[in-house]
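Following: one structure in structure tokens, then a few remarks.
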2 protein chains.
Amino acid sequence: MKLKLAFIGYGVVAQGLTEILLEKKEMLKQNYDFEYSIVAISDIMKGSIYDENGLDMDKILDLVQKGKKIDEYPKGIKGMDSIQTIKKTNADVIVEVTFTDVKTGQPALEHIHTAFDVGKHVVSTNKGPVVKEVRNLLSKAGDNKVYYGFEGVVLAGTPVINLTKYTLAGNKITSFKGIMNGTTNYILTRMEEGMSYEDALKKAQDLGYAEADPTGDVEGLDALGKVVILTNVVLGKKIGWEDVKRTGITKISPEDIAQAKKEKKRWKLIGSAEISQDGRVNAKVEPMKLPLTDPLAGVNEAMNALTFQTDELGPVTIVGPGAGKRETGFSLLIDLLEIHRKMYGESLD
Amino acid sequence: MKLKLAFIGYGVVAQGLTEILLEKKEMLKQNYDFEYSIVAISDIMKGSIYDENGLDMDKILDLVQKGKKIDEYPKGIKGMDSIQTIKKTNADVIVEVTFTDVKTGQPALEHIHTAFDVGKHVVSTNKGPVVKEVRNLLSKAGDNKVYYGFEGVVLAGTPVINLTKYTLAGNKITSFKGIMNGTTNYILTRMEEGMSYEDALKKAQDLGYAEADPTGDVEGLDALGKVVILTNVVLGKKIGWEDVKRTGITKISPEDIAQAKKEKKRWKLIGSAEISQDGRVNAKVEPMKLPLTDPLAGVNEAMNALTFQTDELGPVTIVGPGAGKRETGFSLLIDLLEIHRKMYGESLD
């Protein structure tokens, strides 16, 4: 049985997933009985296309890479907007990867609700909807017997949601802390080597890690969104943006770095949340001096990491990339494999 | 639907799992629809008991903790040996946790084969059978449509087998390296602080980390077994004990430690394997000086860690405990939850 996919939005993450699906077609079939066809794409800039029998994705990638419109694809139905594509195509799974306002969660939020209304699964790397109303969305997905996968919203393809849901299942997780923003970790790594904040930021911008306006990263807003998501999903506590205390890295001076070194410590921008004895949540993003013996202290460059405090195993830490075209595209594959397992079961052969 | 379990062997790991199952009964039912009953126990020293309707495990734990025989349990059928318990009881899953010779894999190997022959799933923390013939056992389990779970044989309850099988699914893993022995990592951590090898070993023995004869740990034999297991299971390459080069930590001197410090490095006993271009496996256990920027360099005390080199995400590292009664008992629960998912599927509610 093939999973039929429709892409809503067709930017770099969607293209990254497409490349993986094309290159690994045989491997996915052989190792996981996973087969797919991509039946539709709707992108506000690149146009839209639908063929119920599946699109030739090599052709589509070729058009996109040449800067052409998807409409130039030789067959199929053209001109369907995102809502029509979600409602009217024969796709089982909506891959929601639009350019979305992280504050309002739109237009992704409407796409996800629409998909659930018509009984379709959603996999998405959009943070907005998860930050805004993940518990509502998960509950609606459950009511409609569909799956909502968003592994990519925390550390791209480094599996943290699935880690806590499956491989750490049976544990009670009472807190987490982590390095959830690669840009700031890159800057702090350079500062540790003696570079000034300004030079390190410039270098991060040159490498494409930081944007022209770096506020979202360096003031801890990106990490804050991830703290909100993990608190809701992993700790099971409902919190919003406003419930997280936040301090960025812009005030860290070369003297602070030197002082930490003397103390055998290292500055990291840490996002964390813990449930206190009375059931309240203490959630924050702030620079912390970690002792070099903390597994997070050894996580440098643009690498990310998360430590979960579990009742059976104590602290368990996962370290991996937190961004990248392929890495984020790959996070969608993790969710697709999970939908495939749920729909068709797992064989014991 | 309840999973019916039979314990073959009833030492500390079995008791650890029992405690978890008793304490988390409600949570497992609520979160994972997981229900169980323990119908039989057969232990060569403590005796055996079988009740097809399930045993009162609080009573059993009480007997064991008072040093009494399981035979003193007031009801049920007594005197069945391990093979009879596997063959003749109504258990769906055999929890194989006997005291087993790690070289021959016996008696666990016979228990596992017998269980597969009669169509029963096996979860086990016994390294011997996995090192000896994991590929044969997995293939036999597949032919008999049963599951063979052995998450606990590498890093106790820190999920590494399940991590590579599910949460990293879709990646090609071409190499791994890790700290797979807590005793030697504890000794190296103390030596780094200035203690001699002899004093550090003594302290590890006092704390119960190292045995009276520490050879298995300090000469790298324990880590070697884990390298063999991971190479077979995760890299998919058939190797045995004899294919792994091995050096222990006994020759590391205070001067070596000091020299590494100067180079901003740290000694770790690293087990690793990689597949070379021509498809051969290079597997070894040896002390390595890791730069402090390596995530493994920050893993200290008795903590364990493994880095998998993946094609989509680059290196992904997991850090967690590698031993302990509860931690190892918990590894069996990870496998039981997986069997439960495979037998009854996962709901989308």
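The values are calculated or read from the model by the stated rules, or taken from the named source; none is laboratory data. Here the structure is a predicted model, which is why all the values come from computation and not from measurement. In this analysis, Cβ positions are derived from the backbone assuming ideal geometry, glycine residues included, and neighbour counts consider all displayed protein chains. Side chains are part of the model used for accessible areas, which takes the heavy atoms of the whole protein and leaves out ligands, DNA and RNA. Shrake-Rupley method; radii C 1.70, N 1.55, O 1.52, S 1.80 Å.
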- [ ] Go ahead and set up a Gaussian network model of chain A, Cα springs under 10 Å, then flag whichever of A:ILE44, A:ILE70, A:ILE334 fluctuates most.
- [x] A:ILE44
Open item on the list: So if a site counts as exposed when it's one of the GluC sites (Glu not before Pro), its DSSP state isn't H, G, I, E or B, and it has at most 16 other Cβ atoms within 10 Å, what's the longest stretch of chain A without one?
Closed with: A:53-192
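Determine the relative contact order of the stretch B:187-284: mean sequence separation of Cα pairs under 8 Å and six or more apart, normalised by residue count, in whole percent.
Numbers: 96 pairs, mean separation 26.6, N = 98.
The normalised contact order for the stretch B:187-284 reaches 27 percent.
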Task: Residue of chain A nearest the A-to-B rotation axis [by Cβ], rounded angstrom distance - done: A:GLY298, 1
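Taking 0.36 nm per intervening residue step and subtracting the Cα-Cα distance, what contour gain separates B:ALA212 from B:ASN31 on full extension? Before the final figure, lay out the partial values.
Details: separation 181, 0.36 × 181 = 65.16 nm, distance 4.25 nm.
My answer for the length gained is 60.9 nm.
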- [ ] Hydropathy first: keep DSSP H helices in chain A averaging at least -1.0 on Kyte-Doolittle, then drop any whose Cα extent along the axis falls short of 24 Å, and list what survives.
- [x] A:325-344
TODO: Send over a whole-number figure in Å² for the accessible area per residue of the stretch A:1-110, probe 1.4 Å.
DONE: 49 Å²
Open item on the list: Starting from the 7 Å offset along Cα-to-Cβ, what nm value, one decimal, do you get for the label separation of A:LYS264 and B:ASP117?
Closed with: 5.7 nm
Task: Members of the stretch B:107-143 that become less accessible by 20 Å² or more once partner protein chains are added (1.4 angstrom probe, chain alone as reference) - done: B:GLY142
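Using +1 on the beta carbon of Lys and Arg, -1 on that of Asp and Glu, and nothing else charged, what's the dipole of the stretch A:234-284 about the Cα centre, debye to 20?
On the way: 13 positive and 7 negative charges, 45 e Å.
Result for the stretch A:234-284 is approximately 220 debye, rounded to the nearest 20.
Would you mind working out the magnitude of the charge dipole of the stretch B:162-306 relative to its Cα centre, with +1 at each Lys and Arg C-beta and -1 at each Asp and Glu C-beta, to the nearest 20 Debye?
Numbers: 21 positive and 20 negative charges, 139 e Å.
So the dipole magnitude of the stretch B:162-306 works out to roughly 660 debye.
Multiply the residue separation of A:LYS2 and A:LYS75 by 0.36 nm, subtract the distance between their alpha-carbon atoms, and state the gained length in nm to one decimal. Can you show the working numbers first?
On the way: separation 73, 0.36 × 73 = 26.28 nm, distance 2.12 nm.
Extra length available between A:LYS2 and A:LYS75 comes to 24.2 nm.
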Task: Bins of 10 Å, starting at 0 and running to the largest distance - Cα pair percent for the protein assembly as shown - done: 3, 14, 23, 25, 20, 10, 3, 0
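Could you look at the protein assembly as shown and say what percent of its accessible area is carbon and sulfur, using a 1.4 Å probe and all protein chains?
Numbers: 13790 of 28160 Å².
Its accessible area is 49 percent carbon and sulfur atoms.
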Open item on the list: Before we go on, tell me the buried accessible area for the B/A pair, both chains summed, 1.4 Å probe, in Å² to the nearest 100.
Closed with: 4300 Å²
- [ ] Please give the solvent-accessible surface of A:MET27 in Å², to the nearest 10, using a probe radius of 1.4 Å with every protein chain present.
- [x] 50 Å²
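Find the accessible area per residue for the stretch B:161-294; the probe is 1.4 Å, ligands and nucleic acids are left out, and the unit is Å². Mind dumping the intermediate values first?
Working: 6070 Å² over 134 residues.
With all protein chains present, the stretch B:161-294 gives 45 Å² per residue.
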- [ ] Select from the stretch A:319-340 all residues whose loss of accessible area on going from the chain by itself to the full protein assembly reaches 30 Å² or more (probe 1.4 Å).
- [x] A:VAL319, A:PRO321, A:PHE330
TODO: Multiply the residue separation of B:LYS245 and B:PHE99 by 0.36 nm, subtract the distance between their alpha-carbon atoms, and state the gained length in nm to one decimal.
DONE: 49.9 nm
Task: Size of electric dipole in the protein assembly as shown: Cβ of Lys, Arg +1 and of Asp, Glu -1, about Cα centre, debye, nearest 20 - done: 40 debye
- [ ] Leaving ligands, DNA and RNA out of it, work out the accessible area of A:LYS325 with a 1.4 Å probe and give it in Å² to the nearest 10.
- [x] 80 Å²
- [ ] State, to one decimal in nm and shortest first, how far the label point of B:GLU198 sits from each corresponding label point in the other identical copies (label point: 7 angstrom along Cα-to-Cβ).
- [x] 5.9
Task: Buried on assembly, the stretch B:294-310 (at least 10 Å² less accessible surface than by itself, 1.4 Å probe) - done: B:PRO295, B:GLY298, B:ASN300, B:MET303
Task: Choice from A:ALA169, A:ALA323, A:ALA14 showing the highest fluctuation, given a GNM over chain A with Cα pairs closer than 10 Å - done: A:ALA169
TODO: Between the label point of B:GLU26 and that of the same position in each other copy, find the distances and list them shortest first in nm, with every label point placed 7 Å from Cα along the Cα-to-C-beta direction.
DONE: 5.4
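Under 12 Å from the Cβ of A:ARG190, count the other residues' Cβ atoms, weight Lys and Arg +1, Asp and Glu -1, and hand me the total.
Details: positive: A:LYS202, A:LYS203; negative: A:GLU192, A:GLU193, A:GLU198, A:ASP199, A:ASP206, A:GLU301.
Local charge sum for A:ARG190: -4.
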Open item on the list: Just to confirm the numbers: A:ILE77, label point 7 angstrom along the Cα-Cβ line, distances to the other copies in nm, shortest first?
Closed with: 6.3
- [ ] Set the Förster radius R0 to 30 Å, insert the Cβ-Cβ distance between B:GLU23 and A:ASN136 as r into 1/(1 + (r/R0)^6), and round the FRET efficiency to 0.05.
- [x] 0.40
TODO: Return the distance in nm (one decimal) between the two label points of a simple spin-label model at B:SER276 and A:LEU61, each offset 7 Å from Cα along Cα→Cβ.
DONE: 3.2 nm
Open item on the list: Using a Cα-Cα cut-off of under 16 Å, which lysines could be cross-linked to A:LYS87, ignoring same-chain neighbours fewer than 8 residues away?
Closed with: A:LYS4, A:LYS78, A:LYS120
